[in-house]
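Read-outs: derived from the displayed coordinates by stated rules, not from any lab. Keep in mind that this is a model prediction, so the values were computed, not measured. Glycine gets a Cβ as well: all are built from the backbone with ideal geometry, and neighbour counts include every protein chain shown.
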Amino acid sequence: MLLQRSLGLEDGLRVVNTVIEYAKAHDWRVAVVVLDNRGEHIASARMDGRHARFYKAAYRKAYSAATFEMDTDGIIKFWDRQAEHGHRGPSDWNDSMLSTLPGGVCVVHEGKVVGAIGVAGGGGGEGTGDWDFAEVAFKALGPGFTHTNVMHQDRPVYLA
């Protein structure tokens, strides 16, 4: 039997609440989404005054990070390498949810992809860009977690 690991609701809520508090302290509004390792919803929020398109962007960033098993800045680099060989990028990937926008983080724990985080709505200057909010979100998970901008390859863990 294959063992699957994932972020849980407590992790997701901690990330969401940390990002909201950070945004409030910087007088900014964002959307944040936390997904499991399969790209399914765990927790999210769109702050008052932020258009729904920012929530959708945050969701797509997190989904992309979970699906590609790497941060969205790594997906951009992957896309650039593919373009050198004639590929057209996301339109060739047969999934309209994929995004190369910055702010998507692939969360790894003990060598396994356990989820992803997406943040959108940043861009207000120093400390309020999407990557700034994504790093705040990631750090809310605490010690033992990493993220990567190169494609992660899990080795399956089976129960005896």
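Does region 75-130 classify as rounded, prolate or oblate by the C-alpha gyration tensor (a ≥ b ≥ c root eigenvalues; a/c under 1.5 gives rounded; else a/b over b/c gives prolate, otherwise oblate)? Judged from the Cα gyration tensor, region 75-130 comes out oblate (a/c at least 1.5, b/c at or above a/b). Counting every other Cβ atom within 10 Å of each residue's Cβ, 28, 93 order from fewest to most as 93, 28.
What the phi angles of region 8-22 give under the Karplus curve with 6.51, -1.76 and 1.60, with θ = phi - 60°, is a coupling list of x, 4, 4, 4, x, 5, 4, 4, 4, 5, 5, 5, 4, 5, 5 Hz, glycine and proline written as x. Each peptide in 125-138, 31-44 receives the mean, over its residues, of other Cβ atoms within 10 Å, and ordering these scores from highest gives 31-44, 125-138. When shorter helices are ignored and each DSSP H run of at least 4 residues is given -39500 (n - 2.57), the per-residue value for the chain at 222 nm works out to -11500 deg cm²/dmol. Per-residue packing, averaged as other Cβ atoms within 10 Å, sorts the ranges 3-16, 108-121 into the order 108-121, 3-16, beginning with the highest. Mean separation of Cα pairs under 8 Å and 6 or more residues apart, divided by the residue count, gives the chain a relative contact order of 30 percent. Panel values: region 29-147, Kirkwood radius from alpha carbon pairs, Stokes-Einstein at 4 °C and 1.567 mPa s, translational diffusion coefficient 91 µm²/s.
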